[in-house]
Amino acid sequence: MNLPFRAPSSGGCNDIPILRERGQREVFCGLTGIVWLHRKIQDAFFLVVGSRTCAHLIQSAAGVMIFAEPRFATAIIDERDLAGLSEIDAELDRVVNRLLERRPDIKMLFLVGSCPSEVIKLDLKRAAARLSQTHSPKVRVLNYSGSGIETTFTQGEDACLAALVPFSPLPANGYVPPLLVAGALSDVAEDQFRRIFADMGLSDVGFLPARTAGTMPAIAPGTRYLLAQPFLNDTARALDERGAIHIPAPFPLGAEGTTGWFRAATDAFGISESKLRAATEAGHIRARLAMEPQREMLAGKRIFFFPDSQLEIPLARFVSQELGMEPVEVGTPYLQRAHLAQEIGQLPAGTMVSEGQDVEKQLDRCRAAKPDLVVCGLGLANPLEAEGFTTKWSIELVFTPIHGYEQAGDLARLFSRPLDRRTRLGV
Amino acid sequence: MQLTLWTYEGPPHIGAMRIATAMDGLHYVLHAPQGDTYADLLFTMIERRNARPPVTYTTFQARDLGGDTAELFKTAAADAYARFKPKAMIVGASCTAELIQDDPGGLAKALALPIPVIPLELPSYQKKENWGAAETFYQIVRGLAQPRRGAEVNPRSCNILGPTALGFRHRDDLAEIVKLLEGMGIAVNVVAPLDATPDDIRRIPDAAFNVVLYPETAETAGRWLERNFKQPMTSVVPIGVSATRDFIAQVAKLAGLDADAALKAGGSRLPWYSRSVDSTYLTGKRVFIFGDATHAMAAARIAREELGFEVVGLGTYSREFARPVREAAQKLGLEALITDDYLEVEAKVAELQPELVLGTQMERHIAKKLGFPCAVISAPVHVQDFPARYSPQMGFEGANVIFDSWVHPLMMGLEEHLLHMFRNDFEFNDKAAASHLGHGAAKPAAAPANSTPPAQGGWAPEAEKELQKVPFFVRGKARRNTERFATERGINLITIETLYDAKAHYSR
């Protein structure tokens, strides 16, 4: 079987008009990233310094009463802390000490800032430095902000990884690790990528974040990096500051996206086309085969994205280019133009991209557009279904392994399943 | 500062949302940062509501803090009025907005909207969800209730106060109690907040008395109505057969009716099922109870009086109702566990080794982890707490539901006898797979015994062998009890004697 092996079209219509809106936003704050980050870094603990709302948000977003004992918690600020009746630094130290006593398995502790901690200007950076000194070398204490006033949803991961970068080891004797992949991936996708890079001759590839605190990838000036996620603005800046060099690329979603992503790496390292082909062609073909039945169901269907994870633009590229869908509006909470240049360039002409949100107005546009499929958050999905729309929960696109060739069919199925279900139900 | 891994209640503005979402024609404008909209999914996903909660969030961001967040609030409130045309509005702040002190009440008043605007003060760093719901409902009632229109009051009329959105079985409890009251010849004037409009709230004083179904959400409003409109209120929550009977008697007295007819007409299968011989094995089962105050106290009474269990632990996360729960526990010779730290609850369950846990979804997890049967009796709610079938907790049908849902997790009586009779049968032991799974089926992994053997010695081989004769489903408990017995007495080597001494000790 010899399927066409397309190179990404360069250039394109990068001057797509952007609708910028502000108003009520139906998006999570950055604290939500803890839900997948704590699964990814297996000896890290995330301590939110915030309010009962923060604690309630995370447990609601995680959708669970957590299994055994979760590796996240909230240090709830109370009125005594606010009134200055208790010394807030001492209180935080007490909570951290209690926590680390309870969990001797923890090697890395993130103090995560929240809206209330930002508003009262609690200096978590200083607290992290102080606590790191107390608990070093057993536990490293870092901090970042996942507050809603500063971050939406996936920006929490961006802030977390950006905080990790300065603590990545610098290799001894002038060695320059060649390649780093930034962005939390599912373990299965990460392992697949590692194998493909090795097949291309890149056997030393670091992944940020690593699965344990002690194995964070080394970075040196001259290390090149690929982004695996589109929302890593601050992480990229931190990597640039370390002297790492960004490899512009599309994002590894679907067959085309994944091949384009690997191609960017081979181009950067001067690896031959034949080596790229040898390492990726089988995966590319499998991905297209797996997507074929979904493509039949989805081609020509109109899709509307509400803003959620910043994955919307790469996903719109994927569904239009690889599944033949027609994006009506692609909403994103924040448009990171520089990293998305190649993706925006491949959106069909006339696609409306919106940044930010006024949810009421956007719902009006959605109702007027009558799309076949609406990708939206959990707060909107059932109400829209009740109005007769078919919806896909966007959060599943973040929590499910979707990157790479072997997951392309699963990703396509996430879009086709709601439509499939509609056709099956007779009630 | 309190270390919290998981919380039984949300912040107080979630309570306010439960009231707003329950009602029709009421809109809530919440001064809140980006991200607080997560709360919508509680209603659309857990309760499967088919409409968004009637809440507008101002969604301020860091860059707004230096600017005019107050203006942002005013715009949001004006836009919300223009779009949704509510009949009344409640306004307030979430935890972060409380810190920036914009005064949503004053700002909304300045807009001079042509509808009642009720300001809420919900101290987020001090209070929690149920308090927030009670306070919000009280403020709405206080803000809207109108003096009685006619001079004549129908003595056989009442309001039902308390059911909210996201309430534990509120939908079905309400249906059950409405049926019960109407069967007694009592007219239900207003149900609130569930499905009530602001106009309905205005009419609350028209009824003769109030039925307070859920004190957690409606007692504050009920007391205010009692003081200001001379409307007495019920104090019995009709969960369980005896409590339902007491409730009928109380309501009959308030309405000037004879309770006998209602008591004769209504009935539950629970009393007979509990007396039937198969239930003998329920006698003295040790139960641990934890939940909101109302459901925990009701469960304790049912467990003791209606099922013949022994209540070994009783507690609540509702600090506002700590006093009545302490009193109820004291009557059972127990000290109530008042906490919102589930780790403390878990430790208590592990210590007490109950045979049944009645709790919230969190206690269900705790019980699962520790290997005890469990039934859920209280909020916080989970998608499973909104079953498709009719499943009330209140009234006589509620007692039937409770009998089934508490007894089914336990080994059925006849089964327990059979296990005793056939425990040495070659197919009837822990190593044999369930017969319906065929011969190839693997036996389910046994839960690891959470045992602390004595410092030295441990089990003598013949004692260990004797232990294997104990039916597998109680073997873990026998092992733990024996080890505890040995440790407490400084016995180094557990012999057959120790095993039976311990058995005698624990069967007292």
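The values are calculated or read from the model by the stated rules, or taken from the named source; none is laboratory data. Just so we're clear, the structure is a prediction, and the values are computed from it rather than from any experiment. Here the Cβ is made from the backbone with ideal geometry for all residues, glycine too, and neighbour counts use every protein chain on show. Surface accessibility is based on the protein's heavy atoms, side chains included, excluding ligands, DNA and RNA. Shrake-Rupley method; radii C 1.70, N 1.55, O 1.52, S 1.80 Å.
At a glance:
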| item | result |
| --- | --- |
| Farthest toward positive dipole pole in chain A [+1 Lys/Arg, -1 Asp/Glu at C-beta], among A:ALA279, A:GLN346, A:VAL427 | A:ALA279 |
| Cα-centred dipole magnitude for the range B:157-265, charges only on beta-carbon of K, R (+1) and D, E (-1), debye, nearest 20 | 180 debye |
| Antiparallel bridge percentage (DSSP; both residues within chain A; nearest 5) | 5 percent |
| Cα-derived Rg to Rh of chain A, Kirkwood definition | 0.98 |
| Antiparallel bridges, percent of DSSP beta bridges restricted to chain B (to nearest 5) | 5 percent |
| Carbon/sulfur fraction of accessible area - chain A, other protein chains in place, 1.4 Å, % | 52 percent |
| Directionally averaged projected area (convex hull, Cα atoms, the range B:7-138), nm² | 7.7 nm² |
| Positive-end residue, the protein assembly as shown charge dipole about Cα centroid, Cβ charges, pick of B:ILE19, B:LEU314, A:GLY183 | B:LEU314 |
| Charge dipole magnitude, Cβ of K and R +1, D and E -1 - the range B:205-256, Cα centre, debye nearest 20 | 160 debye |
| Set of lysines with alpha-carbon distance to B:LYS109 below 29 Å, sequence-local pairs under 8 removed | A:LYS361, B:LYS74, B:LYS85, B:LYS87, B:LYS127, B:LYS128 |
| Placed amide H near A:HIS246: partners under 5 Å, 5+ positions off or other chain | A:TYR225 |
| All lysines inside 22 Å of B:LYS253 as judged from Cα atoms, apart from same-chain residues fewer than 8 positions distant | B:LYS179, B:LYS230, B:LYS264 |
| Where N is the number of residues in the range A:179-273, Cα Rg divided by 2.2 N^0.38 Å | 1.00 |
| For a label point 7 Å along the Cα-to-beta-carbon line of A:THR212, residues of the range A:81-116 with backbone N under 16 Å | A:104-109 |
| FRET efficiency, 1/(1 + (r/R0)^6) with R0 51 Å, evaluated for B:ASN228 and A:ARG237 via beta carbons | 0.25 |
| Nearest-0.05 FRET efficiency for A:LEU82 and A:ASN173, computed from C-beta distance (R0 45 Å) | 0.30 |
| FRET efficiency, A:GLN133 to A:THR400 (Cβ-Cβ, R0 35 Å, nearest 0.05) | 0.30 |
| Principal axis box of the range A:30-151, alpha-carbon based, largest edge first, Å | 36, 33, 23 |
| Longest exposed-site-free window of chain B, the sites being chymotrypsin sites (Phe, Trp or Tyr not before Pro) in a DSSP loop that have at most 13 other C-beta atoms within 10 Å | B:1-389 |
| All lysines inside 23 Å of B:LYS348 as judged from Cα atoms, apart from same-chain residues fewer than 8 positions distant | B:LYS285, B:LYS331, B:LYS368, B:LYS369, B:LYS477, B:LYS503 |
| Percent antiparallel among DSSP beta bridges (both partners in the protein assembly as shown, rounded to 5) | 5 percent |
| Test item: B:50-57 mean partner chain Cβ contacts at 10 Å | 4 |
| Shape metrics for the range B:270-410, restricted to C-alpha atoms - Rg then Dmax, Å | 14.1, 41 |
| Extreme residue, positive dipole direction of the protein assembly as shown, given options B:ALA300, A:PHE231, A:GLN42 (C-beta unit charges) | B:ALA300 |
| Solvent-accessible area buried by pairing A with B, both sides, nearest 100 square angstrom, 1.4 angstrom probe | 5200 Å² |
| Projected area averaged over orientations for chain B, convex hull of C-alpha atoms, nm² | 29.1 nm² |
| Global size of the protein assembly as shown as Cα Rg and Dmax, reported in angstrom | 30.7, 95 |
| Separation of the A:ARG422 and B:ALA82 label points, Cα + 7 Å toward Cβ, nm | 3.2 nm |
| Sulfur and carbon atoms: percent of accessible area, chain B [1.4 Å] | 52 percent |
| Average partner coverage of B:23-36, which counts Cβ from other chains inside 10 Å | 5 |
| Whole-Å semi-axes of the ellipsoid equivalent to the range A:288-354 (Cα gyration tensor, √5λ, descending) | 21, 12, 10 |
| Rh by Kirkwood over Cα pairs, then Stokes-Einstein D for the range A:171-221 at 1.306 mPa s and 10 °C, µm²/s | 137 µm²/s |
| Largest-first principal axis extents of the Cα set of the range A:152-196 (Å) | 40, 28, 12 |
| Simple Cβ-charge dipole of the range B:270-410, Lys/Arg +1 and Asp/Glu -1, about Cα centre, in debye nearest 20 | 160 debye |
| Expected 222 nm ellipticity per residue - DSSP helices of 4 or more, -39500 (n - 2.57), all of chain A, to 500 | -13500 deg cm²/dmol |
| Cα centroid separation - the range B:253-297 against the range B:214-239, whole Å | 23 Å |
| Under 5 Å, built H, 5+ apart or other chain: amide partners of B:VAL311 | B:VAL287 |
| Potential extension, B:ALA388-B:THR487 segment - 0.36 nm per residue separation minus Cα distance | 30.7 nm |
| Probe 1.4 Å, accessible area per residue of the protein assembly as shown, Å² | 40 Å² |
| Distance between modelled label sites at A:GLU296 and B:GLU351, nm, 7 Å Cα→Cβ extension | 6.4 nm |
| Spin-label pair B:THR495/A:ILE245, simplified geometry with 7 Å Cα→Cβ offset, distance in nm | 8.1 nm |
